[in-house]
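Read the structure below first, then the notes.
The values are calculated or read from the model by the stated rules, or taken from the named source; none is laboratory data. Predicted model, so just to flag it, every value in this text is computed and none were measured. Positions of Cβ are generated from backbone atoms using ideal geometry, with glycine treated the same way; all protein chains shown enter the neighbour counts.
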Amino acid sequence: MVIDLTELEQEPRTFGETIEVSAADLADPVVAGSVAVRLEGSVRRVDGGFHVEGRIEARGAVRCARCTAQVPWEAAERFGYELRPASEAPLDEELELEDDELEVAFLADPVLDLGELAVQQVLLALPMKPLCDERCAGLCAGCGADLTAGERCTCGAKAIDPRWAPLLALKNDPDRS
Ligand SMILES: [Zn+2]
Ligand SMILES: [Zn+2]
């Protein structure tokens, strides 16, 4: 849904949407599929622009950074920032806003696209390096066996510290045994 901000009256305009954000829209390798989003909030006129605030709840699946297993993921975050016309965007760094607390987004058109808002907020909420388990041993670099799931490595490379790899190669060399 898109809210036309030029039609905004003095009172805040509230919104509540359930949006399915596709993995393609998120374009983040951490994401394992579409994310179900509940977006609630309001937008109101303020001096020089608009203020948006609300809450997002997201539910989906991410991939373990070590073994790529799918891990269920949920997040609930609050957001709030100001919207100003793109014509007011600072042209050089000296004009940049000094107050880091106040987040400002600049709009090319006077509309609030709730689908875009959902994508932005999901990207902000996603973990950088999700793990299926803190002790995840990952996959064998040689044969891809899932060592955490108890799969037996069939190549002998083992998921060992790479510094030991040359020693292991010696041990496995039939000419030397
Ligand atoms: Zn894992
Ligand atoms: Zn292996």
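Only one of 44, 55 is more than 13 Å from the chain's Cα centre (by Cα), assigned by TED's automatic domain parsing to the domain that holds residue 82 and more than 12 Å from residue 118 (Cα to Cα). Can you tell me which? Full working, then the answer.
Numbers: 55 fails: more than 12 Å from residue 118 (Cα to Cα).
Sole residue among the options that is more than 13 Å from the chain's Cα centre (by Cα), assigned by TED's automatic domain parsing to the domain that holds residue 82 and more than 12 Å from residue 118 (Cα to Cα): 44.
State the number of residues belonging to the range 118-157 that are polar (S, T, N, Q), part of a loop (DSSP other than H, G, I, E, B) and either assigned by TED's automatic domain parsing to the domain that holds residue 66 or surrounded by 13 or more Cβ atoms within 10 Å (Cβ to Cβ) (or both). Break it down into steps so the answer makes sense when it comes.
Taking the range 118-157 as the starting set, the residues that turn out to be polar (S, T, N, Q) are 120-121, 148, 154.
Still in the list and also part of a loop (DSSP other than H, G, I, E, B): 148, 154.
Filter again for either assigned by TED's automatic domain parsing to the domain that holds residue 66 or surrounded by 13 or more Cβ atoms within 10 Å (Cβ to Cβ) (or both), leaving 148.
Going through the range 118-157 one residue at a time, the tally reaches 1.
Going by the structure shown, is residue 44 farther than 20 Å from residue 130 by Cα, among the basic types (Lys, Arg) and surrounded by fewer than 19 Cβ atoms within 10 Å (Cβ to Cβ)?
The answer is yes for residue 44.
Residues checked against (1) more than 28 Å from residue 58 (Cα to Cα); (2) touching a residue at least 12 places away in the same chain (Cβ under 8 Å); (3) touching a His at 6+ places or on another chain (Cβ under 9 Å); (4) away from ligand 1 (no atom under 13 Å from the Cβ):
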{"site": "120", "(1), (2), (3), (4)": "no, no, no, yes"}
{"site": "126", "(1), (2), (3), (4)": "no, yes, no, yes"}
{"site": "132", "(1), (2), (3), (4)": "no, yes, no, no"}
{"site": "151", "(1), (2), (3), (4)": "yes, no, no, no"}
{"site": "154", "(1), (2), (3), (4)": "yes, no, no, yes"}
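Is it the case that the range 68-80 has a residue that's aliphatic (A, V, I, L, M), touching a strand residue (DSSP E or B) at 6+ places or on another chain (Cβ under 8 Å), part of a loop (DSSP other than H, G, I, E, B) and at pLDDT 85 or above?
Yes, the range 68-80 has at least one match.
So which pairs qualify, if the first residue must be in the range 64-76 and under 15 Å from residue 147 (Cα atoms) and more than 16 Å from ligand 2 (Cβ to nearest atom), the second must be of a type in the set (A, V, I, L, M) and not in a strand (DSSP E or B), the Cβ gap must be under 7 Å, and the two must be at least 6 apart or on different chains?
Matching pairs, first to second residue: 64/131; 65/131.
Out of the residues in the range 45-67 meeting the condition of being in contact with a strand residue (DSSP E or B) (Cβ under 7 Å, 6 or more places away or on another chain), within 16 Å of ligand 1 (Cβ to nearest atom) and not in a strand (DSSP E or B), tell me which one is modelled with the highest pLDDT.
By that ranking, first place goes to 64.
Specify the residue that is modelled with the lowest pLDDT; the eligible residues are those in the range 141-171 that are touching a strand residue (DSSP E or B) at 6+ places or on another chain (Cβ under 8 Å) and near ligand 2 (Cβ under 10 Å from one of its atoms).
Looking at the filtered set, the residue picked out is 159.
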